[in-house]
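The values are calculated or read from the model by the stated rules, or taken from the named source; none is laboratory data. Everything quoted here is computed from the prediction, not taken from an experiment. Quick reminder, even Gly has a Cβ in these numbers, built from the backbone with ideal geometry, and neighbours come from all protein chains shown. The area values use the complete protein model at the heavy-atom level, side chains included, leaving out ligands, DNA and RNA. Shrake-Rupley method; radii C 1.70, N 1.55, O 1.52, S 1.80 Å.
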Amino acid sequence: MKKTVLITGATSGIGEACARKFAQGGYNVIITGRRVQRLADLKEELEADGVRVLAVAFDVQNRKAATAAVNSLPPDWQQIDVLINNAGLALGLEPEYEGSFEDWETMIDTNVKGLLTMTRLIAPRMVKRNSGHIINIGSVAGDAAYAGGNVYCATKAAVKTLSDGLRIDLAHTAVRVTTVKPGLVETHFSNVRFHGDDARAEKVYQGIRPLTGTDIADVAFYAASAPAHVQIAEVLVLATHQASGSVMYREP
Ligand code: NDP
Ligand code: 8X3
């Protein structure tokens with residue numbers, strides 16, 4: 001029987017690449033995100049390749065909507081073998097003493113509380129079946145703060161700690177937990193961070209060859225494909241010319 005993956009934030013970037021990778025790898029795919037049209041376009045594209053796809057639109061910050069979405073999955077979509085908690089964002093690069101309360105709340109509500117909500121909704125079913133895999137997308141940003149990263153870095157440190165805590169709490173089961181911590185990946189991440197300032201976003205990737213969403217999807221798929229007794233606990237994936245969240249070599 002084919003396995004099913006549920007991906008949050010599948011309308012763009014890393015999540016979209018995961019949808020493609022897991023679809024190619026033989027999974028049935030549940031794609032989620034807020035943008036209905038992007039979900040519909042991706043569903044159509046994957047279905048044209050013979051993949052079974054369910055598109056469910058909701059905001060991970062909205063616990064009621066997330067609960068309703070998970071609880072109303074059609075019967076043949078209820079067994080989720082792999083959950084990829086990917087939906088997330090950074091907003092702004094202001095110093096911590098000048099940051100926007102609203103941006104902070106959105107990052108914490110999405111990156112931390114949204115991830116927790118999805119885990120809380122789906123993990124119990126995995127425990128009951130004694131199988132499953134939760135892949136959380138953390139970041140190199142969670143390893144150490146960088147200038148202006150403050151709250152975003154803290155949310156990604158929280159993702160690592162929540163993954164570690166979950167792995168401890170699930171150690172008596174066959175359910176696996178993986179944290180994938182990417183470095184610089186060229187997606188819509190920076191356009192979102194700079195509130196649509198595309199010229200500023202482009203500069204983030206100047207002079208350095210960044211990772212792609214596909215590079216990260218490959219790592220997530222590798223972790224999901226490991227033999228059942230192997231738990232890839234954590235993977236840090238950097239561009240070759242990046243050494244940490246704040247150190248990278250850029251071609252002049
Ligand atoms: P993108 O902006 O390209 O994609 C972000 C995805 O998250 C979109 O599909 C978006 O969907 C979804 N999303 C955002 N907010 C919500 C929400 N409230 N509810 C549901 N879905 C939401 O960025 P990336 O692909 O780069 O980001 C994916 C993850 O990777 C994030 O967690 C990010 O922190 C992490 N990451 C990114 C890195 C990078 O350099 N790009 C490096 C390290 C980690 P929609 O707008 O349709 O809701
Ligand atoms: C995204 C990578 O270094 O821009 O998590 O914060 S970084």
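Think of a 1.4 Å ball rolled over the protein heavy atoms: region 4-237 then has 46 Å² of accessible area per residue.
Mean separation of Cα pairs under 8 Å and 6 or more residues apart, divided by the residue count, gives region 85-139 a relative contact order of 45 percent. Along the chain, the longest continuous region that contains none of the trypsin sites (Lys or Arg not before Pro) in a DSSP loop with at most 16 other C-beta atoms within 10 Å is 53-249. In the chain, taking the dipole from charged Cβ atoms about the Cα centre, the farthest positive-side position among 66, 122, 10 is held by 122. Estimated from helices alone, the mean residue ellipticity of the chain at 222 nm is -12000 deg cm²/dmol (sum of -39500 (n - 2.57) over DSSP H runs with n ≥ 4, per residue). Ligands, DNA and RNA left out, the accessible area of region 4-237 computed with a 1.4 Å probe is 54% carbon and sulfur.
Taking every C-alpha pair closer than 8 Å and separated by at least 6 residues, the mean separation divided by the residue count of the chain gives a relative contact order of 20 percent. Database remark: amide H of residue 188 closer than 5 angstrom to the amide H of 13 (H placed geometrically; neighbours at sequence offset of 5 or more, or on other chains; Pro and chain starts carry no H).
Pairs from the table (128/181; 160/203; 21/43; 21/128; 64/113) lying more than 19 angstrom apart at Cα are 128/181; 160/203; 21/128.
Counting DSSP beta bridges with both partners in the chain, what percentage is antiparallel, nearest 5?
Roughly 5 percent of the DSSP beta bridges within the chain come out antiparallel.
Using a Debye calculation, one point per C-alpha and no hydration shell, please list log10 I(q)/I(0) for region 1-72 at q = 0.15, 0.24 Å⁻¹ in order. The Debye formula, applied to the Cα set alone, gives -0.43, -1.04. For region 115-244, the C-alpha radius of gyration divided by 2.2 N^0.38 Å, with N the number of residues, is 1.15.
Each peptide in 227-238, 72-83 receives the mean, over its residues, of other Cβ atoms within 10 Å, and ordering these scores from highest gives 72-83, 227-238. Note on the chain: Kirkwood radius taken over Cα pairs, Stokes-Einstein applied at 10 °C and 1.306 mPa s, translational D equal to 87 µm² s⁻¹.
Annotation for region 5-41 versus region 117-159: alpha-carbon center distance of 18 Å.
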